[in-house]
Amino acid sequence: MVSSSAVITGSHNYGLVAASVLISMCASYAALDLGGRITASRGWFRSSWLIGGATVLGVGIWSMHFTGMLAFGLPIPVAYHWPTVLLSLLAAVLASLVVLFVATRQKMGPAQALVGSLIMGAGIAGMHFIGMAAMRLSATCRYSLSLVVLAVVIAVLASLAALVFTFDFREETRGTTWAKVTSAAGMGCAISAMHYTGMASATFISSAMPPVLSHTVSISSIGTAGIALVALLVQLAALVTSSVDRRFAEQAAELQTSERFRQIADMLREVLSVSTADLSQVLFVNRSYEAIWGRTVESLYADPMSWLEGVHPADRPPVQEALRTVLDGKPLDYLECRVVRSDGSISWVRLRAYPVLDAHGHPYRIIGTAHEFTKRKRAEDARRQIEEQYRMVLETASDAVVSIDENNQVLFVNPSTTRIFGYAPSELLGQSLTMLMPEFLRKLHEAGLERYLATGQRHINWQRTEFVAVRKNGEEFPVEVSFGEGRKEGRSVFTGFIRDVTDRKRAEEALRSSEREQRHIAAQLERERARLVEAQEVAKIGSWEAELQNLNVNWSEQTHRIFETDPSRFHPTRPSFREFIHPEDRAKVDAAFLASLEKRSPSTVEYRIVTPDGRVKILEERWQPFHDEEGKPIRVAGTCRDITERVRVEQELRRLSGQLLRLQDEERRRIARDLHDSTGQDLVALATLVSQLHASIPSSSRKLRNLASQCQELADRCIREVRTLSYLLYPPMLDEAGLEDAIRHYVDGFSERTGIEVKLKISPQSGRLPPDVELALFRVIQESLTNIQRHSQSLRATIQLDRSAEEVKLEISDKGQGASRGGLTGATGPPFRLGVGIPSMHERVRLIGGRLEIESTSSGTTVRVTIPVDG
């Protein structure tokens, strides 16, 4: 038994106790953090981090232990044998090396955890008791076995906790900071509990023997603080180094991942983009964007919505609408649109986009793809076009097209089948093809089909065969059949083209019978030639024919009569035929002849000739060129007619027509003047007298006053009608102010009288024109508006007058029902009713050298006048 008087009682500095626990917790946190760096490292980096981590953890545990020892104060001096202290530090480092090595392996089973915890626990316990053995003081130390065992057990359990926690938090992505802090606090408390249990197991007994002080050091309070501070700084430096290394590793991994992602993305043929949730920034786009859009990726980074400019304008609205749904958090799946590149080429793309959600379910990224399928689209369009063309061929084919299966059932018929056979499609589909055959062919056809399906041998030539078919009404008729075989869903399908050859058979028969007619052709031709000569003499029309190769010309007798030449002494090529043509008309005839040869079409020309005695005749000649198989002209045949007398009569008629129109205008001018100066003034005087008469009638004579008022109104209306009639007959403003003012004044009055709105467009450079031109144009406007009022039922009309340096153009149009059908035909459109107005307009325009055209359809009538302007 130990005497209680010999036991040295010590005391604890609770500040240092707290410092030791803090050092233990910090060392535990450093171990958990360094475990992640060791696990994440490879090669010599792993070895470096393993040794450094073991050193930091060992120094931390040792510092905690030594600080805890220094926290225990004895009333006697205490020195420490520093080699033994270093040995305890080495034990702590080795124990830490074991736990970090085990905890950062790929796998850690229960056996590994138990062995590791035993080794580390032994190391920590060894570190503690070795450190206790380094104490040099005037006392001996005795231990309580039970407390020593308890301290070792606590050391093993603390080591096991350290192994489990380090293994659990070794992955960089697992665990949060608070979880590590909590675990580190538990580990620190467990290690501190082991230390202070070990301290409690020791009893110091006073001894008279002096301590051996060689290789010892005494530690002051400043040294104690230094040990704690250095331990904390080492752990802090380790944590900072780990954090910096982790940041660099993450950046390197992210850079490596990003570079690999870019390499993989740039290998894709599809466009791949990553944008912010509001599409305001493009975070990434691969190089396929440049190939498909024809724009640089830098332009998309600069303007995230610039890709929309490349979308075809017709496809842009649906794409913009789809983008709005994406911004609402909804995915976009396979939207097809066209992209127009800068070179004008067009590609088809299929767009997809979907939002990426964060931990709270809110979109924070948008992934978009664009797949080009231009070739496939073109192939599909081509296939559809081919199918449509095939369908159109079948629909429009004049032959019946019928498809049957291996069971002889009808699968398809085209419209011509209904036309030829008389059956509706519903009556044929699903039925046997033999219903279109006479009785004697049905069994033959069925037997032949069965033999072909069994052996591949045909009993007839199905490529082109003539049969007898039967219509719905029972009529038999000849057909020509062509059958072909195809495959559908692994089975044979036979398609046949059936042609009704009834007309051909009839034509063949007619051809055979026509051979009997051919015997009479020669005699008939001879008779026809004689009749032609007789007809030419009666009609005074000559004919001619010219071989262009050898200039051999053949004239009929009537042609010689027209040219007044002697057939027996005249050869048309000597002298040249052109010498008969008037010199002023030769260029016109040559141009018409060359144009006819080039266009391969007939041509008609009027020209003058000079007879041998010097007289001038006017001829109308028409010819037709003939070409060989290569398109080269070889022969020209034509007719000629003397129209000299007709032309003279027409000229005289035009002269008389012009004179008649001038007399009409003069008579209208005279009547208009008489109406205005005489009748109009008389009516004004009459209106004045009636007004005076009305004023003189007493107010009591109501009946007389009413009669006088009616006379007054009638007189006023007559005055207005006379003035209007006078203006319609001949507007005096036409001579005084010119065509433009006369038109405006007339249009205003016309609109007021009829209620028809007239839109007037007159070019500023119209100016004054010759009097006869202005009068003709005014009459055309007058007649056209009158026709609109009477016939078109249109409430709107348009008059447009333009003048250029070469010509004057007038156009009057309406939107009515068009002119009535009748006997006179305009330039284009439906015929017009024969009346005085239209022939008068034609004649007036012709007399001033112009051209009048009338177009009338169901949507309105347009009158156009074109008059050349003399320089």
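The values are calculated or read from the model by the stated rules, or taken from the named source; none is laboratory data. The model shown is predicted, which means the values in this text are computed figures rather than measured ones. Note that each Cβ is placed from the backbone with ideal geometry, even for glycine, and that neighbours are counted across all protein chains shown. Accessible surface is based on the protein model in full, side chains and every heavy atom, while ligands, DNA and RNA are left aside. Shrake-Rupley method; radii C 1.70, N 1.55, O 1.52, S 1.80 Å.
With respect to the numbered conditions (1) of a type in the set (D, E, K, R); (2) modelled with pLDDT under 85; (3) touching a strand residue (DSSP E or B) at 6+ places or on another chain (Cβ under 7 Å), which one is the sole condition not fulfilled by GLU259?
Every listed condition holds for GLU259 apart from (3).
Please go through (1) outside any loop (DSSP other than H, G, I, E, B); (2) within 16 Å of LEU283 (Cβ to Cβ) for PRO304 and return the number of the only condition it doesn't satisfy.
Among (1) outside any loop (DSSP other than H, G, I, E, B); (2) within 16 Å of LEU283 (Cβ to Cβ), the lone unmet condition for PRO304 is (1).
Tell me which residues, restricted to the range 77-86, are open to solvent by less than 90 Å² (accessible area, probe 1.4 Å) and either outside any helix (DSSP H, G or I) or in contact with a helix residue (DSSP H, G or I) (Cβ under 8 Å, 6 or more places away or on another chain) (or both). Reasoning before the result, please.
Residues of the range 77-86 open to solvent by less than 90 Å² (accessible area, probe 1.4 Å): 78-81, 83-85.
Result: VAL78, ALA79, TYR80, HIS81, THR84, VAL85.
Report yes if some residue within the range 577-599 is at pLDDT below 85, of a type outside the set (Gly, Ala, Ser) and not in a helix (DSSP H, G or I); otherwise report no.
no
Return yes when ALA672 is open to solvent by less than 90 Å² (accessible area, probe 1.4 Å), within 30 Å of GLU811 (Cβ to Cβ) and at pLDDT below 75 and no when it is not.
Yes, satisfied.
Give the residue, chosen from GLY329, GLY361, GLY368, that is in contact (Cβ under 8 Å) with a residue 40 or more places away in the chain and either in a strand (DSSP E or B) or more than 16 Å from the chain's Cα centre (by Cα) (or both).
On the way: GLY329 fails: in contact (Cβ under 8 Å) with a residue 40 or more places away in the chain; GLY361 fails: in contact (Cβ under 8 Å) with a residue 40 or more places away in the chain.
It is GLY368.
Can LEU683 be described as modelled with pLDDT under 80, open to solvent by less than 50 Å² (accessible area, probe 1.4 Å) and either in contact with a Cys (Cβ under 7 Å, 6 or more places away or on another chain) or under 30 Å from GLU843 (Cβ atoms) (or both)? Reasoning before the result, please.
Numbers: modelled with pLDDT under 80: yes; open to solvent by less than 50 Å² (accessible area, probe 1.4 Å): yes; either in contact with a Cys (Cβ under 7 Å, 6 or more places away or on another chain) or under 30 Å from GLU843 (Cβ atoms) (or both): yes.
Answer is yes for this residue.
Is there any pair with a first residue in the range 836-847 that is at pLDDT 75 or above and a second that is open to solvent by 20 Å² or more (accessible area, probe 1.4 Å) and in a helix (DSSP H, G or I) whose Cβ atoms are under 6 Å apart and which are 6 or more apart or on different chains, and what are they?
Once the first residue is at pLDDT 75 or above and sits in the range 836-847, its partners that are open to solvent by 20 Å² or more (accessible area, probe 1.4 Å) and in a helix (DSSP H, G or I) give MET841/GLU783; GLU843/SER657.
Can you find, within the range 737-756, the residue that is most open to solvent (accessible area, probe 1.4 Å) among those that are within 24 Å of ARG803 (Cα to Cα) and part of a loop (DSSP other than H, G, I, E, B)?
ALA737
Are there any pairs with C-beta distances below 8 angstrom linking a residue in the range 551-567 that is on the phi > 0 side of the Ramachandran plot to a residue that is open to solvent by 20 Å² or more (accessible area, probe 1.4 Å), with the two at least 6 apart or on different chains, and if so which?
LEU551/THR573; GLU564/PRO612; GLU564/ASP613
Cβ-Cβ below 7 Å, separation at least six or inter-chain, first residue in the range 396-412 and assigned to a loop (DSSP other than H, G, I, E, B), second exposed (fewer than 15 other Cβ atoms within 10 Å of the Cβ): which pairs?
Here the result reads ASP405/ARG491; GLU406/LEU453; GLU406/ARG491; GLU406/SER492, each pair linking the range 396-412 to a residue that is exposed (fewer than 15 other Cβ atoms within 10 Å of the Cβ).
Can you pull out every residue in the range 343-362 that is modelled with pLDDT under 85 and open to solvent by less than 60 Å² (accessible area, probe 1.4 Å)? Walk me through it before giving the result.
Looking only at the range 343-362, we keep the residues that are modelled with pLDDT under 85, and these are 357-362.
Hits for the range 343-362 are ASP358, GLY361.
When you look at ARG451, is it under 18 Å from GLU485 (Cβ atoms) and free of Cβ contacts under 8 Å to residues at least 60 places away in the same chain, yes or no?
Numbers: under 18 Å from GLU485 (Cβ atoms): yes; free of Cβ contacts under 8 Å to residues at least 60 places away in the same chain: yes.
So ARG451 passes the test.
Considering only the range 590-630, state which residues are without any contact (Cβ under 8 Å) to a residue 12 or more places away in the chain and on the phi > 0 side of the Ramachandran plot.
Within the range 590-630, just GLY614 meets the criteria.
For GLU508, all conditions in the list (1) open to solvent by less than 90 Å² (accessible area, probe 1.4 Å); (2) farther than 20 Å from ASN407 by Cα; (3) modelled with pLDDT of 80 or more hold save one; what is the number of the exception?
With respect to (1) open to solvent by less than 90 Å² (accessible area, probe 1.4 Å); (2) farther than 20 Å from ASN407 by Cα; (3) modelled with pLDDT of 80 or more, GLU508 is out only on (3).
What number goes with the only condition from (1) modelled with pLDDT under 75; (2) part of a helix (DSSP H, G or I); (3) under 22 Å from ALA95 (Cβ atoms) that VAL153 does not pass?
Single failed check for VAL153: (1).
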